[in-house]
Amino acid sequence: MENRHFWQSEVMNFGWLAGILVVLLALVGMVVSFSQRGFISGVMSEGQLLIFLTVALIGFVAGKKMERQSVLKVALWGGIIGFVAGLSLIVLVLLTGIKPLNLRSMFLNASPQLVKVLTFGKGQGAGFLYLLLLNILSGIFGGLAAVIPGIWGSGLANSALITILIGLLTDIWKTFLPRGVAKFFFANKGFNVTGFLITFFFILAFLLFWSLYGARIKVSYGNVASRQPKKVKITWWVISLVVLLLLPRLVGSYLSEVLDLVGIYIIMGLGLNIVVGFAGLLDLGYVAFFAIGAYTMGVFTSPELGLFHLTFWETLPLSILFAVLAGVLLGIPVLGMRGDYLAIVTMGFGEIIRLLVLSDALKPILGGAQGLVGIARPTVGHIVVKNPPQFYYLILAGIFIAWYVASALKDSKLGRAWMALREDEDVAQAMGINLVSIKLLAFATGAALSGLSGAIFAAKLNSMVPHSFTILISIYVLSLIIVGGVGSLPGVVVGALALIGTPELLREFAEYRMMIYGAVLVGMMLYKPEGLWPEPARRRELHGEEGKSAVTASTAPVQMSEEA
Amino acid sequence: MNGKDKGKVLEIENLNVYYGAIQALHGISFYVNKGEIVTLIGANGAGKTTTLRTVSGLQRPRPGVVRFLGADITHVKPHQIVKEGIVHVPEGRRIFSALTVKENLEMGAFIRTDKRSIQESMEQVFDHFPRLKERLHQLGGTLSGGEQQMLAIGRALMSKPKLLLLDEPSMGLAPILVEEIFKILQNINAQGVSVLLVEQNALMALSIADRGYVLETGFINIQGPAKELLTNPRVKAAYLGGS
Ligand SMILES: Nc1ncnc2c1ncn2[C@@H]1O[C@H](COP(=O)(O)OP(=O)(O)OP(=O)(O)O)[C@@H](O)[C@H]1O
Ligand SMILES: [Mg+2]
C-alpha cells in the first residue's frame, strides 16, 4: 500500500471523487441556481452549502472506511479531501478566466455568476482562501463525524443534517411561527447567524440528552404501552387525527396546496404499494389508471364536451370502476409475466393510454391535446369544494379509505397469498393459491385507488391536459414507495412527503428533480435498502442479525419496546 | 400384497412432457397405492422433477393422464390439485425465508379455514419435528439446511394431504440427517399419507420405500418392489455405488 504513489493512494481517490463531484455540481448549474437562496444569511448560500455538504459526505464515507485508524489521521484525510475539492474548484474558476479557452461555449454554467458564488464575492485572493478553508473544514468534519465513537460523532453528523433540513425549509417555519420568533431565527433568506448557531447546538444538546436518557424514556414508554396498549394506541390516533384536521389552518393556503399534491400521491402510492409491495408485481404503467380515473371524471362532468352532466359524486364510482376494469384488462395478458418483462409491458400500457387521450380521433369524447375544462367541483352539503384547504379534507378522506383498504388487505388471507406470490410463485401454487385470481385482484385494487386519486386530481384542477399523465408519474410513485420502504404503509406517507413534498417546497430544486431522485435512490439502495420507514418483515430480511434477536426478545424488554 | 393395496391413490398413464421441442418424459406410466411409499430414482436430468411438476399441475402432458383417487386430474389447475389432497415439496427447500417458522407453517394451511384443526395439524407437525417447535419464531432463512427441509415438509403437511410429493429431500444434507428425515417420513406415512419420493440417493430411498421405479432420460426402464431393486444388479451398478 505504502509503495504506491501518493497521487494514487486511497485518500487521493476520495479527494479526486470529491473534486469531480463538486466541479460537476458547479457545471450542471446546481450551485448557481441554489445560490439564489441563502442558507445562513450573508455567510453562506444554499449553492455553497451544496459544495460543502458534498465534501463532508465524501469525508464521511472515507472516514467510515478507516474506522480503526486514529482520529488525527482521519482528520488529516478529511482535510486532504477537502483540499483537493477546493483546489479543483479554484482551478475551475481560473479556467473560466482564460479568455481564449472560452469554457462557457462548452459549459453554459461556467458563468461569471458561478465565479462569484465560488469566491464568495470576495475576489480571487480572499475568495480562494475562504473556499479552500471551508472545504478543508467540511472534509475534516465529515471524517470526524464518521470515526468519533458514540453520540459525539453521530450527534455531530445528525445535528448538522437536521439543521440543514430546517434551514432549507425556512419558508414553512415562517408561515406559522409568530413573527417575532421567526425574525429571531431567520433572515430574509435562510437562517441568520444566531438562529443557525442556536438551532445547531440545541439539536446537538437534545441528541446528547436523548443518548443519555432516551433508552430509559423508551423503556418507561414501552412499559406504559404494554400495560395499556389500547389506551396508548387510541391516544396516538386521537393526537394524529387532531393534528391532521388542523393542519391546513396551521400552514395556510400555499402549503395546503403542497399537502394536497402530496396527498394525491399518497393515495396512488398506497395503491401501487399493493401491486408492487404486497404482490411483488413490478408495474410501470400505473399512471394509466390515474389517467383513466381523471378522464372519467372529466368526460362525465365537463359541460364543454356536453356528453354527460353528472356530478362529482355520481362520477366518482365510475372513475373507480373504469380504472378497475382497465386493471383487469391489463392483468390478463401479463398473467404469465414477471420482473422486467412485466415492467416493460405495463410501461407500454401506460403510454398507450396517454396516446389515446392525446389522439385527434378521440377528440370529441376525450378532448384531444387541449384537454378538458369545466370539470365538476365536488359539493358537500352546500359547500363547493374548491380551494386547497377544502380539497385537503377531501383528499384526507381518500387517504383514510386507501389506508384502510390497504391495511385490511395486508392482514387478510389475500395479503398472505400476495406475500407468497411475491416470494415464490411455484411454492405459492403448491400452497393451493390461485395465482390468476390474486394477480388480477392486485391489479384491480391498485387500479381502484389510482382511479380514486385521479378523479380527485381532475376535480381539483378543474381542467386537465393529457400532458399531465406522463410516465414520470409512474416513476415518482414507484420511487416514493422504494424510498419509504417497499410494502410499508407509513413508508408511503414518508416517501411522498420526501419525494413529492420537499421538491415543491424547494422550488429551485425542481429543475434538478430527476437528478436528485437518482442520487437519492442510489444512496438509499446502498445504505438503507429497506427504506425510511420499512415494514418489519423486510427489515428482518435485509438485516439477518436482527431476525435472530426476535427469538431472544422475550428476555429483553428493551428490544420489545423498540419493536412496539 | 402386504395389506397396503387398498386401491390406487395416484395413477400415471403414458405421460409425455415437452419443454418446447425437447421431450423430457417419454410415455411413462406408474402408480402409487394407498398407504405406500413409492420412490422414483434416477440421475440428473432424468426427468424426476418434471414428473412431479406434472402431477401437481405445474406442467401439462401431451398426451398423458394423471388420475388421483380414480378421478382424472390432468387438466385441473395447480391450486385445485392441492385442495384435492396432493401437495408438492419442491426441490431445494423453498421456504419463505422472511417469515418465521410459525408463519411458514400457517402459510401451508392456506386452503384450510378451521382454526382449531389447523392448530391440531401444527401440533402433529411438531410431533414429527420437535426441532421446529423450538424454533417457532426464528426466521425461515436463518434455519440450517436440515431444519429448512423439515420446515418444507412440515409446511406441506399443514394442508392435510393424502399424497405427499417430495423432490430430493436428501439433497445437500449429511447422511445422519437424511436418515433422521427419512425415518420421520416413514412415521408420516404410517399415519396414512401416501408418499411419492423422488431421489438420487437410491439406497436411502429404496430402504424406506415399498416399491420403486428407475427413470432414465425420460423412460422408466426398471421397476419393482424396493427390496428387489436393492439387489438388482443393474440398479446396483448404476445407482448404488456398484458394490
Ligand atoms: N424449464 C425447462 N426448460 C427446458 N428444459 C427443461 C426445463 N426443465 C427441465 N428441462 C429439461 O428436462 C429434462 C428433465 O429435467 P428434470 O428437472 O425433470 O430432471 P431431474 O431428474 O429432476 O434432475 P435433477 O436430479 O438434476 O433435479 C432435463 O434434460 C432438463 O434439461
Ligand atoms: Mg430435479
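Read-outs: derived from the displayed coordinates by stated rules, not from any lab. Note that the coordinates shown come from a computational prediction; the quantities given were computed from them, not determined experimentally. Positions of Cβ are backbone-derived with ideal geometry, glycine not excepted, and every protein chain shown enters the neighbour counts.
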Footprinting proxy, A:L409, A:L441: sorted fewest to most Cβ within 10 Å, the residues are A:L409, A:L441
Counting only DSSP loop positions in segment A:261-311, the chymotrypsin sites (Phe, Trp or Tyr not before Pro) whose Cβ has at most 15 other Cβ atoms within 10 Å are A:F308
Once phi for every residue in segment B:175-191 is put through the Karplus expression 6.51 cos²θ - 1.76 cosθ + 1.60 (θ = phi - 60°), the whole-Hz ³J(HN,Hα) values, with Gly and Pro written as x, are x, 5, 6, 4, 4, 4, 5, 5, 5, 5, 4, 5, 4, 4, 4, 5, 8
Other residues with Cβ under 12 Å from the Cβ of B:P161 give, with Lys and Arg +1 and Asp and Glu -1, a net charge of +4
Going residue by residue through segment A:29-41, the Karplus relation 6.51 cos²θ - 1.76 cosθ + 1.60 with θ = phi - 60° gives ³J(HN,Hα) values, rounded to whole Hz and with x marking Gly or Pro, of x, 5, 4, 5, 6, 6, 6, 5, 10, x, 9, 10, 3
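Placing unit charges on C-beta atoms (Lys and Arg positive, Asp and Glu negative, everything else neutral), compute the dipole magnitude of chain A about its Cα centre in debye, rounded to 20. It would help to have the intermediate numbers written out before the result.
Details: 39 positive and 28 negative charges, 271 e Å.
With Lys and Arg at +1 and Asp and Glu at -1, about 1300 debye.
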Farthest towards the positive end of the dipole of segment A:253-470, among A:V345, A:I292, A:I456 and with Cβ unit charges of +1 on Lys and Arg and -1 on Asp and Glu, lies the Cα of A:I456
Put in order of increasing Cβ neighbours within 10 Å, starting from the fewest, A:L497, B:L165, A:L212 give A:L212, A:L497, B:L165
Checked against the positive end of the charge dipole of chain A (+1 on Cβ of Lys and Arg, -1 on Cβ of Asp and Glu, about the Cα centre), the farthest of A:M12, A:L24, A:F120 is A:F120
Quick note on B:R53, A:R227, ordering by fewest other C-beta atoms within 10 Å, gives A:R227, B:R53
Those trypsin sites (Lys or Arg not before Pro) from segment A:8-116 that are DSSP loop and have at most 16 other Cβ neighbours within 10 Å turn out to be A:R68
The size of the Cβ-based charge dipole (Lys, Arg +1; Asp, Glu -1) of segment A:253-470 about the Cα centre, to the nearest 20 debye, is 300
So, relative contact order of chain A in percent, Cα under 8 Å, 6 or more apart, is 15
When the charge dipole of the protein assembly as shown is computed with +1 on Lys and Arg Cβ and -1 on Asp and Glu Cβ about the Cα centre, the Cα farthest towards its positive end, among A:T54, B:I95, B:V76, belongs to A:T54
Inter-chain shielding metric for B:89-100, i.e. average beta-carbon neighbours from other chains within 10 angstrom, reads 5
Partner shielding of B:148-158, taken as the mean number of other chain Cβ atoms within 10 Å, equals 1
Exposed-loop cut sites defined as GluC sites (Glu not before Pro) in DSSP loop states with at most 15 other Cβ within 10 angstrom; longest site-free run of chain A spans A:305-564
